[in-house]
Ligand SMILES: CC(C)(COP(=O)(O)OP(=O)(O)OC[C@H]1O[C@@H](n2cnc3c(N)ncnc32)[C@H](O)[C@@H]1OP(=O)(O)O)[C@@H](O)C(=O)NCCC(=O)NCCS
């Protein structure tokens with residue numbers, strides 16, 4: 001299967017969203033609306049990629065760098081085109097770019113039930129962390145704050 005990997009642009013948004021919607025294991029939220037994705041790409045230039053086949057986008061990966069750690073999101077390959085190395089090629093491209101901009105480690109989140117993605121990451125050199133839990137908080141103006 002011939003394809004090329006190139007940096008994701010906001011013009012790739014519609015096709016990327018369509019791919020995410022047909023991939024199990026991709027959790028979508030308001031952070032995946034067009035404007036947040038535009039902002040994400042602008043904040044992290046040169047780090048997010050698509051795989052482009054003859055008929056359009058067949059793979060995606062979003063990558064961010066906060067100056068300390070890298071983070072991967074929305075690695076997705078068209079269900080009909082898996083097990084051909086496309087996912088690994090997308091991740092490798094991100095990791096090389098992260099390393100180039102000074103990243104020393106990259107993290108990612110996988111749903112517990114997404115055993116296929118966990119197998120993929122384990123096979124491609126990622127380590128399951130048993131010493132960390134992820135905790136989250138939705139951001140609103142804090143009630144006792146005078147700063148917002
Ligand atoms: C995870 C995903 C991106 C992998 O993409 P892919 O293009 O099929 O992966 P690759 O072909 O590069 O796989 C590389 C290696 O990972 C392993 N691997 C990939 N998928 C696997 C699976 N389902 N089970 C076990 N091992 C797997 C294999 O060892 C494979 O190498 P091999 O084919 O030479 O044996 C794809 O399955 C996907 O889009 N899943 C749905 C979305 C998702 O869950 N994304 C992750 C969100 S955190």
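The numbers here are math on the coordinates, done by the rules we state, and not lab data. It should be emphasised that the depicted structure is a prediction, and the values quoted were computed from it without experimental measurement. Cβ placement follows ideal geometry from the backbone for every residue including glycine, while neighbour counts extend to all protein chains displayed.
When peptides 81-91, 98-108 are sorted by average Cβ neighbour count within 10 Å, with the highest value leading, the order is 81-91, 98-108.
Axis angle, to the nearest 10 degrees, between helix 34-43 and the longest C-alpha principal axis of the chain: 90 degrees.
From the Kirkwood radius over Cα pairs of the chain, Stokes-Einstein at 4 °C and 1.567 mPa s returns a whole-number translational diffusion coefficient of 79 µm²/s.
Of interest is the spacing of the C-alpha centroids, which for region 70-89 and region 1-54 amounts to 12 Å.
Only alpha carbons enter this Debye calculation for region 20-83, each as an equal point scatterer, and the log10 of I(q)/I(0) it gives at q = 0.19, 0.27 Å⁻¹ is -0.80, -1.30. When you count the other C-beta atoms within 10 angstrom of each residue and take the mean per peptide, 116-128, 9-21 line up highest first as 9-21, 116-128. Over the chain, DSSP H runs of length four or greater, each weighted -39,500 (n - 2.57), average out per residue to a 222 nm ellipticity of -8500 deg cm²/dmol. Axis angle, to the nearest 10 degrees, between helix 86-100 and the longest C-alpha principal axis of the chain: 50 degrees.
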